[in-house]
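Contents: one structure, followed by commentary.
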Amino acid sequence: MKKLTAQETVILNQIVQGCNNMQISKLTSISIHTVKAHISSIFRKLGAKNRANAVYIALKNGLINK
């Protein structure tokens with residue numbers, strides 16, 4: 001598992017909170033396209049197949065706060 005960037009960690013925490021891509025875009029002031037790119041990178045780095053799997057892996061490995 002590769003280390004997440006600071007921005008990816010912020011986005012992962014927002015995914016844990018249940019935010020969708022548009023909400024994340026507004027909260028972080030980045031484009032929806034960039035949000036999608038970060039999420040793809042998060043999945044790749046964690047070896048996750050989807051959002052739920054990414055949250056599980058992140059919680060299991062202490063990458064995010066509950």
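The values are calculated or read from the model by the stated rules, or taken from the named source; none is laboratory data. Keep in mind that what you see is a predicted model, and the values were worked out from it rather than measured. As a convention, Cβ positions derive from the backbone with ideal geometry for all residues, glycine included, and neighbour counts pool all protein chains shown. Just the protein is used for accessible areas: all its heavy atoms, side chains included, with ligands, DNA and RNA removed. Shrake-Rupley method; radii C 1.70, N 1.55, O 1.52, S 1.80 Å.
In region 31-55, the residues that are more than 15 Å from GLY18 (Cβ to Cβ) reach residues that are among the polar types (S, T, N, Q) and open to solvent by 50 Å² or more (accessible area, probe 1.4 Å) with C-beta atoms within less than 7 angstrom, at least six apart or across chains, in these pairs: HIS38/GLN7. Quickly run through region 10-51 and pick out the residues that are in a helix (DSSP H, G or I) and open to solvent by 70 Å² or more (accessible area, probe 1.4 Å). Listed by number, the residues that qualify are MET22, GLN23, LYS26, LEU27, HIS33, LYS36, ARG44, ARG51.
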